[in-house]
């Protein structure tokens with residue numbers, strides 16, 4: 001566990017428009033020893049990604065303005081962050097949504113209500129070792 | 001009754017038409033006519049004279065016989081006419097009935113046409129309603145999930161002690177809150193799935209699926225739930241290699257979640273839920289893989305075994321244990337297995353537990369082409 005040295009911390013970008021869910025998620029992931037950056041909507045996420053190269057992106061789908069799918073397209077076409085693992089974390093979860101996300105290249109698809117934050121952290125740990 | 005009447009009158013008719021003219025009467029009439037004619041001729045020619053009185057006897061007898069004969073014939077004809085009239089009346093009645101039937105048929109045909117038209121309209125309206133309902137269900141459930149996720153996570157964090165130490169009593173209450181939220185989420189998910197099945201939106205996308213991996217990931221989702229319920233959840237991995245199955249991974253996840261959720265829900269603390277996977281080709285001719293989910297739960301009552309897969313049906317012992325629930329889990333499970341061309345069945349012992357089995361076809365190059 002490298003909780004102490006902030007330079008070595010791996011960073012997770014959380015893209016979530018609901019303030020309460022965002023703060024809970026951030027809190028839990030920080031507790032696990034990751035650095036956390038947040039974006040409050042799609043536009044914001046794209047701006048953040050111009051300067052930041054996170055180790056993993058937790059992406060909501062229903063966002064005001066540009067939605068999660070558009071953000072995902074941008075990520076996958078941006079050389080700098082192309083290879084960053086993306087977990088969709090949304091309450092959309094119909095077959096079409098899941099398939100659309102998979103075709104755009106996501107690493108996992110979690111429906112918020114069906115998981116706890118512990119599960120999310122476990123998934124993150126699986127995708128990127130601390 | 002009617003039938004036998006008409007039959008007997010018909011046979012009478014046949015009797016009459018075949019009735020021979022009595023030969024004795026015939027010859028008597030012919031002989032008498034002949035004698036009368038001879039006597040009259042002889043009398044007229046004067047060969048025999050003064051036989052006028054004698055002539056009265058054969059003439060009287062002759063007239064009497066002719067009279068009787070005519071009376072007999074006319075009686076026969078009356079009877080015959082009577083029968084004919086009866087038959088005509090019968091036929092008339094039947095004809096009227098037939099006309100009425102025909103008329104009814106025409107009316108029905110017209111009504112049928114009208115009904116068909118009405119039904120087509122109603123169907124169209126229903127389709128529109130169905131569409132609106134699906135849209136409503138879909139949007140509502142998604143909107144409901146967001147605040148529910150927030151509540152669930154909050155309970156979970158408080159329970160985990162990450163926001164400060166909590167007392168046993170607080171722990172107890174928070175756990176109840178967490179469980180209730182989890183139940184609402186399950187109900188919403190079930191409703192969403194049924195809406196999907198009924199709207200027939202479930203187009204299946206069959207891929208080669210590694211069931212071992214899929215079961216592993218589903219069991220991972222249940223880790224918290226079984227831990228808080230103090231139930232052991234094991235996956236008996238097969239010793240040998242298991243072929244990939246032709247399945248829609250999203251649907252199979254839903255199926256496993258439903259079956260595991262039931263197993264965990266209806267197994268008391270200290271119980272055990274075991275998932276096992278085997279190559280069904282070893283014990284049977286079927287080219288399929290079999291999954292068994294065995295629990296040590298409350299079991300299914302013998303009287304209710306036929307109904308357990310029905311939509312909205314819940315076992316009475318299950319209702320007693322968990323009053324709220326949709327009764328949709330097994331309905332969905334059965335639908336999914338059947339659409340994969342597999343089979344689902346169970347054996348159960350009340351108070352001892354239930355084993356749910358299902359099979360899925362082995363993936364082959366042929367399946368892939370289809």
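All of the numbers you see were taken from the coordinates with simple rules; none came from a lab. Everything quoted here is computed from the prediction, not taken from an experiment. Glycine gets a Cβ as well: all are built from the backbone with ideal geometry, and neighbour counts include every protein chain shown.
Fully extending the segment from residue B:78 to residue B:307 would add 75.2 nm, taking 0.36 nm per residue of separation and subtracting the current Cα-Cα distance. Give me the angle, in degrees from 0 to 90, between the Cα long axis of helix A:117-127 and the longest principal axis of the Cα atoms of chain A, rounded to the nearest 10. Relative to chain A, helix A:117-127 is tipped by roughly 90 degrees. Here r is the Cβ-Cβ distance between residue B:320 and residue A:96 and R0 is 35 Å; the resulting FRET efficiency, rounded to 0.05, is 0.35. With the simple model of a label 7 Å out from the Cα in the direction of the Cβ, residue B:139 to residue B:176 spans 3.7 nm.
For chain A, the longest principal axis of the C-alpha atoms and the axis of helix A:19-31 are separated by about 40°.
Share of antiparallel DSSP beta bridges in the protein assembly as shown, in percent to the nearest 5? In the protein assembly as shown, DSSP labels about 55 percent of beta bridges as antiparallel.
Sort the range A:12-127 into rounded, prolate or oblate with this rule: let a ≥ b ≥ c be the square roots of the eigenvalues of the Cα gyration tensor; rounded if a/c is under 1.5, and if a/c is not under 1.5, prolate when a/b is larger than b/c, oblate otherwise. Taking the square roots of the gyration eigenvalues as a ≥ b ≥ c, the range A:12-127 is rounded.
Shape class for the protein assembly as shown: prolate, because the ratio a/c of the largest to smallest gyration tensor axis (alpha-carbon atoms, square roots of eigenvalues) is 1.5 or more and a/b beats b/c. In plain terms, the residue of B:32, B:84 with the fewest other Cβ atoms within 10 Å comes first and the most crowded comes last, giving B:84, B:32. Per-residue mean of foreign Cβ neighbours for A:115-123 is 5 (Cβ atoms of other chains, 10 Å radius). The mean sequence distance of close C-alpha pairs (under 8 Å, at least 6 residues apart), as a share of the length of the range B:131-265, puts its relative contact order at 25 percent.
By other beta-carbon atoms within 10 Å, ranking B:239, B:278 with the fewest at the front produces B:239, B:278. Peptide A:101-114 shows a mean partner chain C-beta count of 3 within 10 Å per residue C-beta.
Peptides B:298-306, B:92-100, ordered by how many other C-beta atoms sit within 10 Å of their residues on average, highest first, read B:298-306, B:92-100. In terms of other Cβ atoms within 10 Å, A:28, B:311, B:78 run from fewest to most in the order B:78, B:311, A:28. With each label modelled as a point 7 angstrom along the Cα→C-beta vector, the residue B:64-residue B:85 pair spans 3.3 nm. The relative contact order of the range A:12-127, computed from alpha carbon pairs under 8 Å that lie at least 6 residues apart in sequence, is 24 percent.
Put simply, when B:261-267, B:164-170, A:57-63, B:351-357 are sorted by average Cβ atoms within 10 angstrom per residue, most first, you get A:57-63, B:261-267, B:351-357, B:164-170. Other protein chain C-beta atoms within 10 Å of residue C-beta, averaged over A:18-25: 3. Note on residue B:37 and residue A:31: their simple-model spin labels are 14.0 nm apart, each label 7 Å out from Cα toward Cβ. Label the range B:159-287 by shape, choosing from rounded, prolate and oblate, from the square roots a ≥ b ≥ c of the eigenvalues of the Cα gyration tensor; if a/c is under 1.5 it is rounded, and otherwise prolate applies when a/b is larger than b/c, oblate when it is not. Verdict is oblate for the range B:159-287. Out of A:32, A:70, A:19, any idea which swings most in a Gaussian network model of chain A, alpha carbons joined below 10 Å? Of the options given, A:19 has the highest mean-square fluctuation.
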